[in-house]
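Throughout, read-outs are computed from the coordinates displayed, never taken from laboratory work. In this text, all values refer to a predicted model and were calculated from it rather than measured experimentally. Cβ: placed from backbone, ideal geometry, glycine included. Neighbour counts: every protein chain shown.
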Amino acid sequence: MRPVPVKPAKSVGRRRRPPAKTERTLAGYLGLSLSAVLLLLVIALAVAAIILPRVTGAVPLAVLTSSMEPGLPPGTLIVVKPQPVETIKPGDVVTYQIAPGEPDVITHRVIAISSTSAGDREFITQGDNNGAEDDPVIEDQIMGVLWYSVPYLGFASTSLNGEARTWIIPAVATALFVYAGFSIAAGVVAARRRAQARRNASRAEGALDHGPNERRASSTGA
């Protein structure tokens, strides 16, 4: 009995499907990036305008006039920190009361320091954009020295008056913080879902590639 040769069966495996298109979009990444930037900006503004002054005992004020342009134009938020008058020197920007004990203040640069007949310090100030000196300022009028400033943020302070300022600004900052945090969290969840979908698609393609691709051959004898 002579064995009959059996021809190998042709491969009948399925065609490989093209890789699934990634779901990454420029708009998605741009939105996530903008949300992250917004969150950082809100945190920075909240720290600069509310938290840091409150913790350190500094006072946030809004620039209303152009006397300190170009460095401190109207609408700038300035934060004034108490400082011993002995340490103030020419060139420092100070905030002082127009009259001792009065709420109205002026923020100008110290250009000279002298002494009164009683031996007290007397400060000569002038606005950077002014052509004349101010009246001499005594120690009791000094409120503090400029610590730092934030452009344009003073507009928000000047537009709110009285008790509204104490709750509207923190409320707006909190709302922006929550919105930015929610946007970032939603973006992270969406990114994880896209990654999981890609992994599932890869597993499905692998299962198709390793399926049966040959028929069993049978031998016949005579």
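Observations on the model:
- Sorted on the mean count of surrounding Cβ atoms within 10 Å across their residues, most packed first, peptides 141-151, 123-133 read 141-151, 123-133.
- With the highest mean first, a sort of the peptides 189-202, 43-56 on other beta-carbon atoms found within 10 angstrom per residue produces 43-56, 189-202.
- Amide H contacts for Thr125 (H built 1.01 Å from N in the peptide plane; partners 5 or more residues away or on another chain; cut-off under 5 Å): Ile111, Asp134, Val137.
- Extent along principal axes [Cα atoms of region 53-111; Å; largest to smallest]: 28, 27, 22
- Calculated FRET efficiency, Val189 to Arg54, Cβ-Cβ distance, R0 = 45 Å: about 0.85 to the nearest 0.05.
- Projecting label points 7 angstrom from Cα along Cα→Cβ for Glu86 and Asp135 puts them 2.9 nm apart.
- According to the Kirkwood relation over distinct C-alpha pairs, the hydrodynamic radius of region 58-159 is 13.7 Å.
- Between Leu34 and Ala201, the modelled labels are 2.6 nm apart [label points 7 Å from Cα along Cα→Cβ].
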